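Asker: One structure, pasted below without further comment.
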Amino acid sequence: MDDPLSERPGRGDDVSAELPEILTSLSEARVELTKFITAYQFAIQEIETKVRILQQEFQQLHRYNPIEHVSSRLKSMESIIAKARKTGCGPSLDELRREIRDIAGVRVVCSFTPDVYRIQELLCRQSDVRLLQVKDYIASPKPSGYRSLHAIVEIPVFLSDGSVQVPVEMQFRTSAQDFWASLEHKIFYKYDHEVPAEIAQGLRDAADAASHLDAEMERLSVAIQDLTGEEPPGSMTVTPGDVDDFLALVRESRAGRGRPGPDVAGPSA
């Protein structure tokens, strides 16, 4: 068979000449895509750190910890590209970041419904967190019965060559709402988005039951705390002995300076 390039003099030389430029372009594209997606990974880590700091503060200083657990997910480049095609945005990476705001996601599961709103407010009022959008599916559930509080936030991610503002979708929900959403998600995909009417009604009934369960468990929790008035196990990190030692240190310090120690009695045994 004749070589098709032999019929086009110089074509092989042209390809060889263009190859380094093509490879350079591919390498640069790979670097830019990697930088784009890792910024979202870092944003997730930033949000998770903020949540865990709140979680540890509640464990150490407050009567109970309202945060049950935290999870996160990052869309693959394949999913990002598919959504870009569906929505008609791109191909600029800046446009993708602006238009697709659920590339990074963090879910915070709380004990009770008031905790959901409290934790969302505590996180979103931090000085480096910019709240872009809130959708309250607890006050106004979806027709399917889905309940959750969604917030789109934007946080700075500091890289070696500067900072970039990265959007993160946050979901706040109770344990009962999370269980229901997990089951609904599995059913939704099992039936390829076409859930039979009977099962769809059953899901709505289950969502109402989960909402009533949330309210009843919250009422019982408040009643138990009012009755016992006790701190949860493990929440007291400063012991009475620690307080005695600290007061002794203050007295010793003031005595060394010729001043009387504080007129404070240590904890009684």
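The values are calculated or read from the model by the stated rules, or taken from the named source; none is laboratory data. All figures in this text were calculated on a predicted structure; none of them were measured in a lab. Neighbour counts are summed over all protein chains in view; Cβ atoms, including those assigned to glycine, are modelled from backbone coordinates with ideal geometry. SASA here: full protein model, heavy atoms, side chains in, ligands and nucleic acids out. Shrake-Rupley method; radii C 1.70, N 1.55, O 1.52, S 1.80 Å.
Asker: Go through Ile187, Ile199 for me and flag whichever is open to solvent by 40 Å² or more (accessible area, probe 1.4 Å), of a type in the set (Val, Ile, Thr) and modelled with pLDDT under 95.
Answerer: Just one listed residue meets the conditions, Ile199.
Asker: If you don't mind, another one. Within segment 166-182, identify whether any single residue is out of contact with any helix residue (DSSP H, G or I) (no Cβ under 9 Å at 6 or more places or on another chain) and among the polar types (S, T, N, Q), and answer yes or no.
Answerer: There is at least one residue in segment 166-182 that is out of contact with any helix residue (DSSP H, G or I) (no Cβ under 9 Å at 6 or more places or on another chain) and among the polar types (S, T, N, Q).
Asker: Go through segment 136-164 and report how many residues are of a type in the set (D, E, K, R) and within 20 Å of Asp208 (Cβ to Cβ). Steps first, answer last, please.
Answerer: In the first step, residues of segment 136-164 are kept if they are of a type in the set (D, E, K, R); the result is 136, 142, 147, 154, 161.
Then keep just the ones that are within 20 Å of Asp208 (Cβ to Cβ); that gives 136, 142, 147.
The qualifying residues number 3.
Asker: Go through segment 29-43 and count every residue that is touching a residue at least 24 places away in the same chain (Cβ under 8 Å) and surrounded by fewer than 19 Cβ atoms within 10 Å (Cβ to Cβ).
Answerer: First pass over segment 29-43, keeping only residues touching a residue at least 24 places away in the same chain (Cβ under 8 Å): 32-33, 35-37, 39-43.
Checking the rest, the ones that are also surrounded by fewer than 19 Cβ atoms within 10 Å (Cβ to Cβ) come to 32-33, 35-37, 41-42.
Residues meeting the conditions: 7.
Asker: Does at least one position in segment 179-202 carry a residue that is in a helix (DSSP H, G or I), in contact (Cβ under 8 Å) with a residue 60 or more places away in the chain and over 24 Å from the mean Cα position of the chain (by Cα)?
Answerer: Initial filter on segment 179-202 (in a helix (DSSP H, G or I)): 179-190, 197-202.
Narrowing the set further to residues that are in contact (Cβ under 8 Å) with a residue 60 or more places away in the chain leaves none.
No, every residue in segment 179-202 fails to be in a helix (DSSP H, G or I), in contact (Cβ under 8 Å) with a residue 60 or more places away in the chain and over 24 Å from the mean Cα position of the chain (by Cα).
Asker: A further question follows. What residue, among those in segment 72-104 that are small (Gly, Ala, Ser) and closer than 17 Å to Ala43 by Cα, is nearest to the chain's Cα centre (by Cα)? Steps first, please.
Answerer: Here is the first cut: in segment 72-104, the residues small (Gly, Ala, Ser) are 72, 76, 79, 82, 84, 88, 90, 92, 104.
Among the residues that remain, those that are also closer than 17 Å to Ala43 by Cα are: 72, 76, 104.
Values: Ser72: 6, Ser76: 17, Ala104: 8 Å.
Once the filter is applied, the top-ranked residue is Ser72.
Asker: If Asp226 meets every condition in (1) closer than 20 Å to Tyr137 by Cα; (2) free of Cβ contacts under 8 Å to residues at least 40 places away in the same chain apart from one, which number is that one?
Answerer: Asp226 satisfies every listed condition except (1).
Asker: Restricting the search to segment 123-145, which residues are over 21 Å from Ser182 (Cα atoms) and open to solvent by less than 40 Å² (accessible area, probe 1.4 Å)? Break it down into steps so the answer makes sense when it comes.
Answerer: To start, the set of residues in segment 123-145 that are over 21 Å from Ser182 (Cα atoms) comprises 123-134.
Scanning segment 123-145 gives Leu123, Cys124, Val129.
Asker: Which of the residues belonging to segment 96-121 are open to solvent by less than 50 Å² (accessible area, probe 1.4 Å) and either free of Cβ contacts under 8 Å to residues at least 24 places away in the same chain or farther than 14 Å from Asn65 by Cα (or both)?
Answerer: To start, the set of residues in segment 96-121 that are open to solvent by less than 50 Å² (accessible area, probe 1.4 Å) comprises 96-97, 100, 102-106, 108-113, 115-116, 119-120.
Those that are open to solvent by less than 50 Å² (accessible area, probe 1.4 Å) and either free of Cβ contacts under 8 Å to residues at least 24 places away in the same chain or farther than 14 Å from Asn65 by Cα (or both): Leu96, Arg97, Ile100, Asp102, Ile103, Ala104, Gly105, Val106, Gln120.
Asker: Right, something else. Checking the structure you have, find out if any residue of segment 150-172 is buried (at least 16 other Cβ atoms within 10 Å of the Cβ), among the small types (Gly, Ala, Ser), outside any strand (DSSP E or B) and at pLDDT 95 or above.
Answerer: no
Asker: Identify the residue in segment 56-71 that is surrounded by fewer than 13 Cβ atoms within 10 Å (Cβ to Cβ) and within 17 Å of the chain's Cα centre (by Cα) and, among all such residues, is farthest from Phe42 (Cα to Cα).
Answerer: Gln56
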